[in-house]
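The values are calculated or read from the model by the stated rules, or taken from the named source; none is laboratory data. Here the structure is a predicted model, which means the values were calculated and not measured. No Cβ is skipped: glycine too gets one built from the backbone with ideal geometry, and neighbour counts run over all protein chains shown. Calculation scope for accessible area: heavy atoms of the full protein, side chains included, ligands and nucleic acids excluded. Shrake-Rupley method; radii C 1.70, N 1.55, O 1.52, S 1.80 Å.
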Amino acid sequence: MKLKFKKIVQAVVATTMLASAALPLASVSAQDENVLRVQFDVEIASLDPNIATDGTSMEVIASLQEGLVTRDANGDFVGAAAESYETNEEETVYTFKLREDAVWSNGTPVTANDFVFSWQRLADPATAAEYSFILDTAGVVNAAAVTAGEADPSELGVVALDDYTLEVTLNRATPYFLSLMAFTPFFPINQEFFESTDGQFATSVETTISNGAFVLSSYTPAGATTELVKNNDYYDADAISLDGIRFQVIKDSQQAVLAYQTGQLDLTNISGEQVMLFAQDPEFQSVEQGYLWFLSPNAEQEDLANQDFRLALAKAFNRETITENVLKDGSIPATFFIPQGLVDAPDGNDYRDFAGRDLMVTNEEEAKAHLEAAKEALGKDSFVIGLLVEDTEASINVAQSLEAQIETVLEGVDIQIEQTPKKNRLDRMRAGDFDVALTRWGPDYADPSTYLQLLTTDSNYNDARYSNETFDADFVEIQTGELTTDPEGRFAKMAEMEALALSEAAVLPVYQAASAVLKRANVDGIQFYAVGTPRLFKYATKQ
C-alpha cells in the first residue's frame, strides 16, 4: 500500500513551543532580535548522528539535520527526507520515495545512498556506536548479526533501489518503526563529505554538514557556546521563522536566571529554590519528561555484587524528599523503572497503572535488615561507596540528599560524592570505573522495551552489569517471539520483567524528571517531548 506521510503516528506528549535559524555562515549575535537563545546545563557531547547518545546533543543535531520522518508543528510524525512510502501487507518491507528537492548544505542532493551509508556505519562494529542496537530494535534484517561482527554491513536490510528510492526490510513488523525514523541515529550521512573530513567528521563547522532547517556557524567540541543560522537551501525554508539559534552552556541555575533576567537568554532551565521564586511568574512552566533518573550500582564491584547491599541502598532514601525539597520542579518520585506517560497498555490505561507503581519503596527497617544480611555475607561492618554524578547543580544537590539520607539510615555506610562533567561520567560508567552512578535514561520510542533493553546482559547501555538469564530470555520473547503478536501477553511479560529487575535492585529508581523552565512571552513554537529528542526548535518563533 502506498501512503503519504499524513499523521502516520500521533505525537506522544508534546507541548508546543519550538526554534530554528538562518543560512549565511556569519556568526549570530546574542543581541540579534530573531535569534533564539537557549541554555544548556551540560556540554554537547557529539554532533555525529551515529555517535551522539545524549538529549542535549540530539537537540542540536535535530536542528541541523533530519531523517526520513520528522514531527510537524502539531507534533505528528510526517515525511521529511521521504515524501511517501509503501509497505507490503505484512509491514516488513518499507519502500521510501525521497523528495528530490532536498539538498545538503554544500549543494549535494540528499539521496538514498546517504541513508544506506549512515545505517551501515551505525551497525559496523568498527564505528563502536553505542546506539547500534537501535537497528535491531527497529527490526532491520541482519542488524544483530552485523553489530555482533557476524555479518558484513552490506548485508544490513537497507538498500538504495535508485537515488531517490530506499528499501528497508524488517525481520518482523515493528509498530514503532516509522516514529524511530525521526530519531537521530537514523539520520543520513553523505559518504563523500564524511570521507573528506579525514576522521574529523562533525567536530567543527568545516566538518559538519546539514540537510535540515539550520547550519552550524560556530562550534567547539565541549565548548560553552554553539551557534546555528538558518539554512536558506532547506526545502521548507519558508516555514522557518528564526534567523538563528544560540546554545549557551550555563551549569549554575542562579547564573542561568541572571542571564535570563538580563536579556541574554530566551529559554532556561531552573531548579531548586529558583523554582519557588518563579513559580507564579507568567513565563514559568513545568513540563513532564520521559527521563527516569536512577542509581546504577556496578554489580562487578564486590560490595554491590551483593543483592542485599543493593536493596539496602534502594530502600534507605525517601524519593519524595528529593522531589519536594531538593528539585521542586514538578519531578515525581520514581518507585518504578518505566516512567508514567510513556505508552498505554492494551487495556487502554497508562502502562504504569497496568503494571503497578510501588515496585521499589522506602522502608528504613527493611533497609537496615538488608544491610545486616550484607554485612554477614561479606564479612565486614563498614563500606565506602563512591557516588559518581555529573557536575550540574541539580545532580549535585540530589547526590548530597542521597548521601545524607543513606548515611543516616545505614550505619557503617560512607557515601563519597565524585563530581565530573557529564561526558566523563558516561565514559567512566562505560569503562566500569565507578561504584554507584546517578544517571538517567530517556525513551527512544514509546514502548517499555526501551527501558528494559538497558538491563539485558549484552546491552551497550548495561552499565550496572546486571545479568539474569530469565530476564534475557524474556526480552528475546517480547521482541522476536510469539508474544509479538499477543499485545496483552507481551505487556504482562514486560511488567514481570520490570518487577524482577527491581526485586533484585538491578537499578535504584530515584525520580521521573520534569523540566522547570523560564520562556519569554514573545517566544512560541518550541516542542517538548517525553519520547525521542526532548525538544525541537525548528518551528520556533520569536516576536
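Of all the criteria given as (1) open to solvent by 60 Å² or more (accessible area, probe 1.4 Å); (2) more than 29 Å from ALA399 (Cα to Cα); (3) in contact (Cβ under 8 Å) with a residue 60 or more places away in the chain, the one not satisfied by VAL476 is (3).
Taking the listed residues GLN289, GLN274, the one that is part of a helix (DSSP H, G or I), at pLDDT below 95 and open to solvent by less than 50 Å² (accessible area, probe 1.4 Å) is GLN274, with no other qualifying. Only residues that are part of a helix (DSSP H, G or I), surrounded by fewer than 18 Cβ atoms within 10 Å (Cβ to Cβ) and of a type outside the set (Asp, Glu): list them for the stretch 438-473, please. Within the stretch 438-473, THR470, ALA473 meet the criteria.
Condition test on ALA151, is it free of Cβ contacts under 8 Å to residues at least 12 places away in the same chain, assigned to a helix (DSSP H, G or I) and at negative phi? No.
The residue of the stretch 447-497 that is farthest from the chain's Cα centre (by Cα), among those that are farther than 15 Å from GLY139 by Cβ and of a type in the set (Lys, Arg), is LYS493. Filter the stretch 123-141 down to residues that are small (Gly, Ala, Ser) and outside any helix (DSSP H, G or I) and give me whichever is farthest from PRO49 (Cα to Cα). Within the stretch 123-141, the match that is farthest from PRO49 (Cα to Cα) is GLY139. Within the stretch 210-225, the set of residues being among the hydrophobic types (A, V, I, L, M, F, W, C) and not in a loop (DSSP other than H, G, I, E, B) comprises PHE214, VAL215, LEU216. Residues that are closer than 21 Å to PRO49 by Cα and modelled with pLDDT under 95 within the stretch 444-458 comprise ASP444, TYR445, ALA446, listed in sequence order. Residues of the stretch 402-422 that are in a helix (DSSP H, G or I) and crowded, with 18+ Cβ neighbours inside 10 Å: LEU402, GLU403, GLN405, ILE406, VAL409, LYS422. Apart from one condition, ASN232 fits all of (1) in contact (Cβ under 8 Å) with a residue 24 or more places away in the chain; (2) surrounded by 14 or more Cβ atoms within 10 Å (Cβ to Cβ); the exception is (2).
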